[in-house]
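Each remark here refers to the structure printed beneath this line.
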Amino acid sequence: MNQSMVKVFDIQKDDFISAGEASSSVKKILKQLGVSPEVIKRAVISMYEAEMNAVIHGGGGKGYAEFFKEHIEIIIEDNGPGIENIELAMQEGYSTAPGNIREMGFGAGMGLPNIKKHSDQLEIKSEVGKGTTLKITINF
């Protein structure tokens, strides 16, 4: 693949039925490109966690997956309240998810730590009151 290919996804607030569709779509494309199963797993976990954060905390948003010859870049932009303390949000177990979300099995405070663990690069840009953008890079 000489040029990159971009896929764009809408992420709806509180839509737990459609949540995960973007990461499933990316998984299919990576398989078609012949990417190794281990790399696919890392990409799907990272994208799913970011997608769920946008669904739960971010008021929905947009997802972008750009496929290059040697890596994938995943960008998730949400419409949420922003992250007040990124360092705190990166700690395993820290969560601002409300009780009803936790009762559904989400909001354990592992999203951002899992993204960092499974990606080669993670950039977080967040402004309180404006939202958060995650840029995740995974090398093939």
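The table for this structure:
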{"quantity": "Helices (runs of 4 or more DSSP H) wholly inside the stretch 51-140 containing at least 1 residues that are in contact (Cβ under 8 Å) with a residue 60 or more places away in the chain", "calculated": "111-118"}
{"quantity": "Hits in the stretch 4-26 (condition: touching a Lys or Arg at 6+ places or on another chain (Cβ under 9 Å) and farther than 23 Å from S126 by Cα)", "calculated": "S4, S25, V26"}
{"quantity": "Residue within the stretch 39-50 that is free of Cβ contacts under 8 Å to residues at least 24 places away in the same chain and surrounded by 17 or more Cβ atoms within 10 Å (Cβ to Cβ) present", "calculated": "yes"}
{"quantity": "Candidate set from the stretch 10-51 (those that are modelled with pLDDT of 95 or more, of a type in the set (G, A, S) and over 11 Å from the mean Cα position of the chain (by Cα)); member that is nearest to P113 (Cα to Cα)", "calculated": "S24"}
{"quantity": "Evaluation of E70 against (1) farther than 30 Å from S4 by Cβ; (2) exposed (fewer than 12 other Cβ atoms within 10 Å of the Cβ) (one fails), failing number", "calculated": "(1)"}
{"quantity": "Tally, over the stretch 9-32, of residues that are free of Cβ contacts under 8 Å to residues at least 60 places away in the same chain and either hydrophobic (A, V, I, L, M, F, W, C) or crowded, with 20+ Cβ neighbours inside 10 Å (or both)", "calculated": "8"}
{"quantity": "Selection count where residues are among the small types (G, A, S) and assigned to a helix (DSSP H, G or I), scope the stretch 3-50", "calculated": "7"}
{"quantity": "Residues being closer than 13 Å to I83 by Cα and either touching a Ser or Thr at 6+ places or on another chain (Cβ under 7 Å) or among the aliphatic types (A, V, I, L, M) (or both) - total across the stretch 110-134", "calculated": "7"}
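The values are calculated or read from the model by the stated rules, or taken from the named source; none is laboratory data. Being a predicted model, the structure only gives us computed values, none of them experimental. With ideal geometry, Cβ positions are generated from the backbone for all residues, glycine too; neighbour counts draw on all protein chains shown.
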